[in-house]
Amino acid sequence: QVQLVESGGGLVQAGGSLRLSCAASGRTYTMAWFRQAPGKEREFVAAISRWNGNRDYGDCAKGRFTISRDNVKNTVYLQMNSLKPEDTAVYYCAATAKSGVRNEYDYYDYWGQGTQVSVSS
């Protein structure tokens, strides 16, 4: 059983930056970030493969967010720049033992508890 622990959320002004981290207790192959705002469906943000570093980004993240991982520490990061009020959401880390990079939330087997990101205007 893999456990995921997110950190790094908080309150930031529009235009600011935050870096989220997610530490996995077990070995994972593909790791991802999703987010969910109140009253909205869970949205894909980014994913990264353990093997080849292959990445995919959701439309909400392209050009502003960067996903990376440290395989030694079994940790994935999400660097978020130029934050906007509409980025306000709970951000969830997800992981799977499958090797492909996918954007469907039901592809992932393990989920963290989430970390709140709030962006003020």
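The values are calculated or read from the model by the stated rules, or taken from the named source; none is laboratory data. All figures in this text were calculated on a predicted structure; none of them were measured in a lab. For neighbour counting, all protein chains shown are included, and Cβ atoms are generated from backbone atoms with ideal geometry for every residue, glycine included. Protein only, heavy atoms only, side chains kept; ligands, DNA and RNA dropped before computing areas. Shrake-Rupley method; radii C 1.70, N 1.55, O 1.52, S 1.80 Å.
Below are the figures for this structure:
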item: Selection from segment 89-118 of residues that are modelled with pLDDT of 95 or more, more than 17 Å from V2 (Cα to Cα) and open to solvent by less than 40 Å² (accessible area, probe 1.4 Å); result: A89, V90, Y91, V101, T115, V117, S118
item: Residue tally, condition among the β-branched types (V, I, T), assigned to a loop (DSSP other than H, G, I, E, B) and within 22 Å of W51 (Cβ to Cβ), over segment 76-111; result: 1
item: Residues within segment 10-38 that are of a type outside the set (S, T, Y), in a loop (DSSP other than H, G, I, E, B), open to solvent by 30 Å² or more (accessible area, probe 1.4 Å) and at pLDDT 95 or above, tallied; result: 2
item: Options S82, S121: the member that is open to solvent by less than 80 Å² (accessible area, probe 1.4 Å) and more than 13 Å from the chain's Cα centre (by Cα); result: S82
item: Selected residue [in contact (Cβ under 8 Å) with a residue 24 or more places away in the chain and more than 20 Å from D106 (Cβ to Cβ)] from V72, V2, V12; result: V12
item: Yes/no for T66 being surrounded by fewer than 19 Cβ atoms within 10 Å (Cβ to Cβ) and on the phi < 0 side of the Ramachandran plot; result: yes
item: Matching residues, segment 58-74, being assigned to a strand (DSSP E or B) and either of a type in the set (D, E, K, R) or closer than 14 Å to T30 by Cβ (or both); result: I67, S68, R69, D70
